[in-house]
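Notes follow once the structure below has been shown.
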Amino acid sequence: MALAYVGLGANLGDAAGTLRQVLDELGRLAGGRVLAASALYRSAPVLAAGADFINAVAAVETTLAPQQLLQQLQAIEHRHGRQRPYTNAPRSLDLDLLLYGQLELNTPALTLPHPRLHERAFVLAPLLELAPALVLPGHGPAAPLLERLAHQRIAKLA
């Protein structure tokens with residue numbers, strides 16, 4: 001079993017409702033289970049226009065290989081109407097495989113850790129909620145990285 005962290009985000013439709021539903025779906029993936037989920041967070045789009053995003057992170061224990069897990073996440077996105085008309089387009093659902101244990105991987109289909117995870121408060125805040133002492137492969141402790149992103153607007157939802 002491997003411990004993976006999955007980032008969830010949406011800014012179209014009932015984004016919060018979609019993320020809650022997807023957390024249930026992640027719990028039903030073959031070869032795994034959700035160990036924990038962060039609170040929901042509201043954040044401004046980064047390098048994009050559109051409505052605010054609702055974000056969360058789930059800790060998933062899985063027997064799936066990283067590429068298999070990514071394929072399952074993309075299948076969930078597809079079921080929720082995810083379209084990719086252009087880079088950083090608004091999203092009905094965005095699922096990112098952020099970390100897979102301490103694995104470092106760089107293939108055309110998958111880079112681990114997620115290549116921009118250390119630059120995004122909307123990822124680091126919910127991730128640190130689940131793993132406060134997390135050390136990111138190639139980047140070091142995650143908490144100081146979040147402190148450097150104080151200029152990125154993010155708010156924990158009640």
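Some observations on this one:
- Test for GLY138: is it over 28 Å from GLY17 (Cα atoms), touching a residue at least 40 places away in the same chain (Cβ under 8 Å) and either open to solvent by less than 20 Å² (accessible area, probe 1.4 Å) or not β-branched (Val, Ile, Thr) (or both): no
- Enumeration of residues in the stretch 1-29 that are open to solvent by 70 Å² or more (accessible area, probe 1.4 Å) and over 14 Å from ALA58 (Cα atoms): MET1, LEU12, GLY13, ASP14
- For the stretch 66-117, the set of residues classified as polar (S, T, N, Q) and open to solvent by less than 30 Å² (accessible area, probe 1.4 Å) consists of SER92 only.
- Filter result for ALA48 (more than 20 Å from ARG79 (Cβ to Cβ) and either touching a residue at least 12 places away in the same chain (Cβ under 8 Å) or surrounded by fewer than 16 Cβ atoms within 10 Å (Cβ to Cβ) (or both)): yes
- Residue under evaluation ARG148, criteria (1) basic (Lys, Arg); (2) more than 23 Å from LEU26 (Cβ to Cβ); (3) within 16 Å of the chain's Cα centre (by Cα), criterion not met: (3)
- Exactly one residue out of ARG33, ARG20, ARG28 is in contact with a Gly (Cβ under 9 Å, 6 or more places away or on another chain), closer than 16 Å to LEU73 by Cα and not aliphatic (A, V, I, L, M): that is ARG33.
- Residue match in the stretch 53-63 (condition: farther than 20 Å from LEU146 by Cα and either crowded, with 18+ Cβ neighbours inside 10 Å or within 12 Å of the chain's Cα centre (by Cα) (or both)): yes
- Here the stretch 118-135 is the region considered, the condition is being open to solvent by less than 40 Å² (accessible area, probe 1.4 Å) and in contact (Cβ under 8 Å) with a residue 40 or more places away in the chain, and the residue that is farthest from LEU47 (Cα to Cα) is ALA131.
- Note on the stretch 1-108: enclosed strands (runs of 3 or more DSSP E) holding 3 or more residues that are of a type outside the set (Gly, Ala, Ser) and within 17 Å of LEU130 (Cα to Cα) are 2-10, 32-37, 53-62, 94-100.
The values are calculated or read from the model by the stated rules, or taken from the named source; none is laboratory data. These numbers were taken from a predicted model, which means no experiment stands behind them. So basically every Cβ, Gly included, is an ideal-geometry build from the backbone, and we count neighbours across all protein chains shown. All accessible areas refer to the heavy atoms of the entire protein, side chains included, with ligands and DNA or RNA removed. Shrake-Rupley method; radii C 1.70, N 1.55, O 1.52, S 1.80 Å.
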